[in-house]
Amino acid sequence: MRAIRDGVRPDGSALIFMPSSEYRGIGPDNLGVPISWIKSMPPVDTELREQEVGPLGRVLYLTGALPLVPTEMIDHGDDRPWR
């Protein structure tokens, strides 16, 4: 749930490209459904590539046109309606 709503890994480090600000208002009951579905899927034997940002992505990030770390835009102390 923290990865989806807060954009952070279990160790607390930020996830890049995770659109957490879009999912911030989803309550735990509604978020439990897709999480349950994901957990029900069989594991896939694939190695994930390391994420990298190319030159265009860096320029867009520096100009503010591409939020690489959306968790930086989230007010983590906000009151959510489902609390």
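Could you list all residues from the range 18-45 that are aromatic (Phe, Trp, Tyr) and touching a helix residue (DSSP H, G or I) at 6+ places or on another chain (Cβ under 7 Å)? Show your work before the answer.
Narrowing the range 18-45 to residues aromatic (Phe, Trp, Tyr): 23, 37.
Scanning the range 18-45 gives a single hit, Tyr23.
Which pairs have Cβ atoms under 7 Å, sit 6 or more apart or on different chains, and link a residue in the range 1-21 that is under 17 Å from Ile38 (Cα atoms) and free of Cβ contacts under 8 Å to residues at least 60 places away in the same chain to one that is part of a strand (DSSP E or B) and hydrophobic (A, V, I, L, M, F, W, C)?
Short answer, once both residue conditions are applied: Arg2/Val8.
The numbers here are math on the coordinates, done by the rules we state, and not lab data. Predicted model, so just to flag it, every value in this text is computed and none were measured. With ideal geometry, Cβ positions are generated from the backbone for all residues, glycine too; neighbour counts draw on all protein chains shown.
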